[in-house]
Amino acid sequence: MTSIPDVKTPHKTKAEKEGEVDRVYRIIKAWLIECRLPPGEFVSEVDLARECNTSRTPVREACNRLSQDGWITRIRKKGYLVTPVSVRDLLQLYEYRKLLECFAAEKAAQVASPEQMETLARIIEVEQRSVVDVNEVVAANDLFHLGIAEIAGNQRVYNQLKLTLEYVHRLDRLSTQKSHGWISHCEILNALQARKPNEARQAMATHIDYARDRMLHLFAR
C-alpha cells in the first residue's frame, strides 16, 4: 500500500501538538480497554488517523506511548499488533493486583467511615438484581475496587491499582463475550463492615484468586 503523507495543517504550538497527542492517546487507549481494538488485531497508522480525525504524526507518538505501556507492539511494515492475552502476563497481572488490593482492603477495614462503607455497599447492589446488565457489573467492579483503594489513603497504591485495573477491565470485557458470570464482592464487603482487617485481606485474596482462575479457564484453552 502506498504510504499516505500527513495532512498539511496550520502551524501548531508545542502545547497544541502535545495536547493533540494526549487526545489521540486517550481515544486509542479507551478503544483498547473496551476491546473495540481486540487482542491480536493489526491496526495501521493510516486507519487510526482517519478514525481519530487527525494526521499520522500524533497517532505515531500516541502509539509509541501505548507500546511502552504494553498495549500494542509495533510490527515493521504492518503497523501495530494489539497485545494478545498470554497466560504469563495474566498470572503476573493478578499477582501484582493481589499485592496492591490486599493491602488496600486491610487498611480500609481500619479507617473507612460509615458513609464510605455505605457507598461501597451501594456500588455492588447491582449484583443482587434478578436481571443484571453485565456492563453495569463490570463498571461496578472497577468502582468497588478503586473505592477501597481510595479509602485506604495511599496515593501510590491507588495510582498503580488504577493502571492495573485498566488491564483487568479489558479481560473483564473479553470474558463477558464468553461467559456472563461474575464473582461476588459480598465477602469483601462483609469483612470491611465487620472491621476485621485480616479477614478483609483474606477475602480480597480469595476474590482475586477466583478471578484469576476464571480468566485462566477462559483464556488458557
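Of note:
- Take the conditions (1) part of a loop (DSSP other than H, G, I, E, B); (2) out of contact with any Leu (no Cβ under 6 Å at 6 or more places or on another chain); LYS178 misses just one of them, which is (2).
- When the stretch 144-182 is filtered for residues that are of a type in the set (A, V, I, L, M) and either surrounded by fewer than 16 Cβ atoms within 10 Å (Cβ to Cβ) or closer than 14 Å to ALA105 by Cα (or both), the ones remaining, listed by number, are LEU146, ILE148, ALA149, ILE151, ALA152, VAL157, LEU161, LEU163.
- Answer residue from the stretch 183-198, given it is surrounded by fewer than 17 Cβ atoms within 10 Å (Cβ to Cβ) and of a type in the set (Gly, Ala, Ser) and is farthest from the chain's Cα centre (by Cα) among those: ALA194
- Scanning the stretch 129-176 for residues that are modelled with pLDDT under 95 and of a type in the set (Lys, Arg) yields ARG129, ARG170, ARG173.
- Residues satisfying the stated conditions in the stretch 168-198, i.e. without any contact (Cβ under 8 Å) to a residue 24 or more places away in the chain and closer than 22 Å to GLU95 by Cβ: GLU187
- Taking the conditions (1) surrounded by fewer than 20 Cβ atoms within 10 Å (Cβ to Cβ); (2) under 13 Å from LYS107 (Cα atoms); (3) not small (Gly, Ala, Ser) in turn, ARG201 satisfies each one other than (1).
- Checked against the criterion of being buried (at least 17 other Cβ atoms within 10 Å of the Cβ), within 18 Å of HIS169 (Cα to Cα) and modelled with pLDDT of 95 or more, the stretch 43-66 has at least one qualifying residue.
- For first residues located in the stretch 57-84 and on the phi > 0 side of the Ramachandran plot, partners that are assigned to a loop (DSSP other than H, G, I, E, B) and lie 6+ apart or on another chain with Cβ distances below 9 Å form the pairs GLY70/THR83; GLY79/SER44.
- Filtering the stretch 72-127 to residues that are polar (S, T, N, Q) and closer than 30 Å to ALA62 by Cβ leaves THR73, THR83, SER86, GLN92.
The values are calculated or read from the model by the stated rules, or taken from the named source; none is laboratory data. Since we're looking at a predicted model, the values are computed, not measured. FYI the Cβ positions are ideal-geometry reconstructions off the backbone, even for glycines, and counts take in every protein chain you see.
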